[in-house]
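Visitor: So that we are looking at the same thing, I have put the structure below in structure tokens.
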Amino acid sequence: MITTLADAKTYMKIGSDTTDDSFITSLIVASQDEIEAYCGQKFEQSARTYIFNGTGSSEWLIGTLPIAVSPAAALSYRETPFTSWVTVSTTLFTILRQYGVNYLYYDGTLTAGTQNYKLAVTVGYASNAIPADIVLCCKEMVFARYRESANGAAMLAKTSVSRTTDGYTSTESYEDLRPKWKRRLAAYKRITI
């Protein structure tokens, strides 16, 4: 996950109370899903395999824009979709990142064809290396959702609340944090071409 239950509870100043742990965990998952949907990519490290058409050039844009690519990528080639894969030597290709986009650079020409190349890579961030902006957004989202829920202060979809006590009225206003989150996450949005 982008943030841990313990880190989220520390951020929310909940302490050691475990009453809402499963609820808070579900809020972490919902917040992570929203962040990843907005950015168009996953942030946790995972293995990915891309099967793509040879381009007839020396480069192939990795369309899903993995964030980090392990140096131990594997490239395979086949003549047709019905033949076996043959591993390409790691000395013949590399993964490069330029202008925020990852692409495969092949020392030669990626033979034009249909689904004739396969690239296996590890993408995403290790759990302890997810950028602080993303982690902070997740914690803020969890806190906002908790505060808006029945478990928190029952403020779901409200921007302000007025209370009258002993003839005196007080109003609490809540800031819509979504524009701030979107500005902070903009740098991590997948670039589409």
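The values are calculated or read from the model by the stated rules, or taken from the named source; none is laboratory data. Everything numeric in this text was worked out from a predicted model, so none of it was measured. Quick reminder, even Gly has a Cβ in these numbers, built from the backbone with ideal geometry, and neighbours come from all protein chains shown. Quick note on the areas: whole protein, heavy atoms, side chains included, nothing else; ligands and nucleic acids left out. Shrake-Rupley method; radii C 1.70, N 1.55, O 1.52, S 1.80 Å.
For (1) closer than 11 Å to residue 142 by Cα; (2) part of a loop (DSSP other than H, G, I, E, B); (3) under 22 Å from the mean Cα position of the chain (by Cα), each residue gets a yes or a no:
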{"residue": "1", "(1), (2), (3)": "no, yes, yes"}
{"residue": "10", "(1), (2), (3)": "no, no, no"}
{"residue": "19", "(1), (2), (3)": "no, yes, no"}
{"residue": "27", "(1), (2), (3)": "yes, no, yes"}
{"residue": "42", "(1), (2), (3)": "no, yes, yes"}
{"residue": "49", "(1), (2), (3)": "no, no, yes"}
{"residue": "54", "(1), (2), (3)": "no, yes, no"}
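Visitor: Is one or more of the residues making up region 13-28 of a type in the set (Lys, Arg) and in contact (Cβ under 8 Å) with a residue 24 or more places away in the chain?
Guide: No - not one qualifying residue is present in region 13-28.
Visitor: For region 122-135, state whether one or more residues are open to solvent by 70 Å² or more (accessible area, probe 1.4 Å), part of a loop (DSSP other than H, G, I, E, B), modelled with pLDDT under 80 and closer than 30 Å to residue 21 by Cβ. Steps first, please.
Guide: Keep residues of region 122-135 that are open to solvent by 70 Å² or more (accessible area, probe 1.4 Å), which gives 127-128, 132.
Those left that are additionally part of a loop (DSSP other than H, G, I, E, B): 127-128.
Those still in the list that are modelled with pLDDT under 80 too: none.
No, because not a single residue in region 122-135 is open to solvent by 70 Å² or more (accessible area, probe 1.4 Å), part of a loop (DSSP other than H, G, I, E, B), modelled with pLDDT under 80 and closer than 30 Å to residue 21 by Cβ.
Visitor: Still on this structure, I have one more. Which members of region 94-108 meet the condition of being farther than 17 Å from residue 123 by Cα and either under 20 Å from the mean Cα position of the chain (by Cα) or open to solvent by less than 30 Å² (accessible area, probe 1.4 Å) (or both)?
Guide: 99
Visitor: If you scan region 167-183, which residues turn out to be modelled with pLDDT of 60 or more, surrounded by 10 or more Cβ atoms within 10 Å (Cβ to Cβ) and not in a strand (DSSP E or B)?
Guide: Of everything in region 167-183, those that are modelled with pLDDT of 60 or more, surrounded by 10 or more Cβ atoms within 10 Å (Cβ to Cβ) and not in a strand (DSSP E or B) turn out to be 177, 178, 180, 181, 182, 183.
Visitor: What are the pairs, 6+ residues apart or on separate chains, where a residue within region 40-58 that is free of Cβ contacts under 8 Å to residues at least 60 places away in the same chain has its Cβ under 8 Å from a residue that is among the aliphatic types (A, V, I, L, M)?
Guide: Partner pairs satisfying both residue conditions: 55/110; 55/112; 56/110; 56/112; 57/110; 58/110.
Visitor: When you scan region 61-76, do you find a residue that is out of contact with any Lys or Arg (no Cβ under 9 Å at 6 or more places or on another chain), surrounded by fewer than 14 Cβ atoms within 10 Å (Cβ to Cβ) and at pLDDT 90 or above, even just one?
Guide: no
Visitor: Here's another thing I want to ask about it. Restricting the search to region 89-117, which residues are part of a loop (DSSP other than H, G, I, E, B) and not hydrophobic (A, V, I, L, M, F, W, C)? Please lay out each step first, then the result.
Guide: Start the filter on region 89-117 by keeping residues that are part of a loop (DSSP other than H, G, I, E, B), which leaves 89, 99-100, 107-116.
Within region 89-117, 89, 99, 100, 107, 108, 109, 111, 113, 114, 115, 116 meet the criteria.
Visitor: Is at least one residue of region 146-161 modelled with pLDDT of 70 or more and within 15 Å of the chain's Cα centre (by Cα)? Reasoning before the result, please.
Guide: Going residue by residue through region 146-161, those that are modelled with pLDDT of 70 or more are 146-149.
From the residues that got through so far, the ones that are within 15 Å of the chain's Cα centre (by Cα) too are none.
Scanning region 146-161, I find no residue that is modelled with pLDDT of 70 or more and within 15 Å of the chain's Cα centre (by Cα), so the answer is no.
Visitor: Next up: Return only the number of the condition from (1) within 19 Å of the chain's Cα centre (by Cα); (2) under 17 Å from residue 49 (Cα atoms); (3) at pLDDT 90 or above that residue 116 does not satisfy.
Guide: Every condition holds for residue 116 apart from (1).
Visitor: Now a separate question. How many residues are in contact with a Pro (Cβ under 7 Å, 6 or more places away or on another chain) and closer than 23 Å to residue 186 by Cβ if we restrict to region 96-123? Spell out the reasoning first.
Guide: Start the filter on region 96-123 by keeping residues that are in contact with a Pro (Cβ under 7 Å, 6 or more places away or on another chain), which leaves 102, 114-115, 121, 123.
Checking the rest, the ones that are also closer than 23 Å to residue 186 by Cβ come to 102, 123.
Of the residues in that region, 2 qualify.
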